[in-house]
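Computed from the coordinates by the stated procedures, all read-outs in this text should not be read as laboratory data. It should be emphasised that the depicted structure is a prediction, and the values quoted were computed from it without experimental measurement. Here the Cβ positions follow ideal geometry from the backbone for every residue, glycine too, while neighbour counts run over all protein chains shown.
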Amino acid sequence: MNIAQATKQIRGAVQAYLSRDVRGSYRIPFHMQRPLVMFGPPGVGKTAIVAQIAQDLDINFVSYSITHHTRQSALGLPFIEHRTYGGVDYSVSEYTMSEIIGAVYRAQEESGVDQGILFLDEINCVSETLAPAMLQFLQYKTFGMHELPEGWIIVTAGNPPEYNRAAREFDPAMMDRLKRIDVEPDLKVWQEYATAHGVHPAVTTFLESKPASFYKVQASIQGTRLVTARGWEDLSRMLQAYEVEQLEVDEDLIRQYLQDDQTAREFASYYELFRKYQDDYCVSDILEGEEAGMASDRAREARFDERVALMGMLQDSLLSRVHDAIEREEALQLVREDLLACKDELLNSSFDVAAEQLAAYMGQVAAATTVGTRAKGQVASVEAVKAERLRVLRAAVAAVARGAALGAADAFEAAKAAFNDEVADQSRVADEALAALDNAFVFVDATFGADAQEALILVTKLSSDSLLIKFVSEYGSDQFIKHNKSLLFAQRGLDLMQAVEAMRAEEELKIAQGPSYAVD
């Protein structure tokens, strides 16, 4: 199965394992909850999907690569204890708590959540000395004398032997105690992930034209040469950093991530051409609705791969703006709760004391794990929302510290004024993103026609992004909705208009009343 199908299966298993009956007992008893084991090639996204599932379900996630462990670190260190049995004293060997089990308890204490996923990577590559203990753990959920707490699900991953010479097959009796999931690379599924996670448009458009380059395993005298989904994403982040720092991207850099000579060479050539397209087409002008006659003329006469690259650049810039607006909105929902939680202290303290108290609260937010820190209905990245939340809290702290100079009646009023300034700024960002979305389709229609293949490419890519769908549901977009109605997406089996209208109906009352996160 592909990674999306694997995600569905793992999420379903986790939810089923955590399900309780009316008496509060697990519907599937803890000892009968089979550990999940994923087998698949390296770099396909096995670890990432499990971490995402834990984040979405708001439970803990503890991850270990089991090949980094010895028998002592997994089981604990031996020590001598004195026991009396039948009136006779004995010296007995016992073990300290396993590092892995200890990490589980530590995660519970830090998050205040008693459920989670323990993820063990490279499970079929354990050392000979650790293998028996690992098999015992998978069967009985214990390392030595220490048992995994109830509410924790074991998910493991391994590479087939053709990808790792240290890998070994589990025997049939062991496999009969596991829930096995086999994962294969799938470019279509990965492209949807790439769109939602800001992968460089040069990568996504290159792979559209050369899908065979997505995943490669090439044996050579120097060893196995790999091109993986992980490699493409890591290369994307490096390209974006190099562009910001205005550093030269060359084939040597690309080869460090794409470990196949032909793929690295072809992408290096394409990236150079893509950068030329970025210089020739001023995407920011197009999205701001400025006259784009020359860009339209060139795009109309361009080869198809150049037009696909242009759609990729438009998509990348649009999603960046939309994500910024949604991340700000969800952070403001959390900050509103923060300020209300601190309201009494802010009202009853001097400006300097209140600033210290709010700064201390912000420190608690910064130190907290991602578990339990999601806004209601949040769909944006937890990390991005948390960073934005802290930025707004810092602005509130600064406003409280200089509250007297601002003429505020009290510290809460100063914090509220700073917060409402952020609300106004978020509204501006959202309005600009909405205008850019409409301007993009106006440009595409004027250049290629509303029913052209380029419009289909753009709207299909945008529609795979959950944050954009949330954005359209809240703010609307006549152009986006028009293109969805005309194109219908029959080939994807997805009625986006129903999804958008359903979400808009849920938000209708909130929109009528103004931003739900405004502080009164």
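For the pair Glu128 and Tyr105 in one chain, pulling the backbone fully straight at 0.36 nm per residue adds 5.6 nm over the alpha carbon distance. Applying Stokes-Einstein at 20 °C and 1.002 mPa s to the Kirkwood radius of segment 1-111, computed over alpha-carbon pairs, gives a translational diffusion coefficient of 123 µm² s⁻¹. Rounded to the nearest 20 debye, the dipole size of the chain about its Cα centre is 1760 debye, using +1 on the Cβ of Lys and Arg and -1 on the Cβ of Asp and Glu.
Computed over segment 1-48, the Cα gyration tensor eigenvalues convert (square root of 5λ each) into semi-axes of 27, 11, 7 Å, ordered from largest to smallest. With both labels modelled 7 Å from their Cα along Cα-to-Cβ, the Ser63 to Glu290 distance reads 4.1 nm. For segment 1-150, give the share of DSSP beta bridges that are antiparallel, in percent and rounded to the nearest 5; count only bridges with both residues there. Looking only at bridges with both residues in segment 1-150, the antiparallel portion is about 65 percent. Calculated FRET efficiency, Arg237 to Lys210, Cβ-Cβ distance, R0 = 22 Å: about 0.60 to the nearest 0.05.
At full extension, Ala417 and Glu245 could sit 58.4 nm farther apart than now, given 0.36 nm per residue minus the alpha carbon distance. In terms of the mean number of neighbouring beta-carbon atoms within 10 Å, the peptides 407-414, 326-333, 466-473, 15-22 order highest first as 326-333, 466-473, 407-414, 15-22. Largest first, the three principal axis extents of the alpha carbons in segment 56-146 are 55, 34, 20 Å in whole numbers. Counting 0.36 nm for each residue step from Arg265 to Tyr85 and taking away their Cα separation leaves a gain of 57.6 nm. Peptide packing: for 270-279, 255-264, the average count of neighbouring Cβ atoms within 10 Å per residue gives the ranking 255-264, 270-279, highest mean first. Restricted to Cα atoms, segment 140-299 shows a radius of gyration and a Dmax of 21.8, 74 angstrom.
Between Tyr140 and Asn348, the FRET efficiency estimated from the beta carbon spacing at R0 = 45 angstrom works out to 0.25.
Over the residues of the chain, the helix contribution to mean residue ellipticity at 222 nm works out to -18500 deg cm²/dmol, using -39500 (n - 2.57) for each DSSP H run of at least 4. Rounded to the nearest 20 debye, the dipole magnitude of segment 198-260 is 380 debye, with +1 charges on Lys and Arg beta carbons, -1 on Asp and Glu beta carbons, and the Cα centre as origin.
The smallest convex shape that holds all Cα atoms of segment 330-463, its convex hull, gives 114 Å³ per residue.
Checking understanding here: applying a Kyte-Doolittle mean of at least 1.6 and a length along the axis of at least 30 Å (C-alpha), which whole DSSP H helices in the chain pass? Qualifying helices: none. Value of Rg to Rh for segment 282-332, rounded to two decimals, is 1.12; Kirkwood radius and Rg both from alpha-carbon coordinates.
In this rough spin-label picture, where each label sits 7 Å from Cα along the Cβ direction, the Val22-Val365 distance is 4.2 nm. Here segment 389-466 is described by how far its Cα atoms reach on the three principal axes: 59, 22, 12 Å, from widest to narrowest.
Distances longer than 33 Å among the Cα atoms of the chain: what percent of all pairs is that? Value for the chain (Cα pairs over 33 Å): 54 percent. Remark: for residue pairs Lys210/Lys470; Lys216/Lys470; Lys46/Lys179; Lys276/Lys461; Lys179/Lys461, the C-alpha separation exceeds 25 Å in Lys210/Lys470; Lys216/Lys470; Lys179/Lys461.
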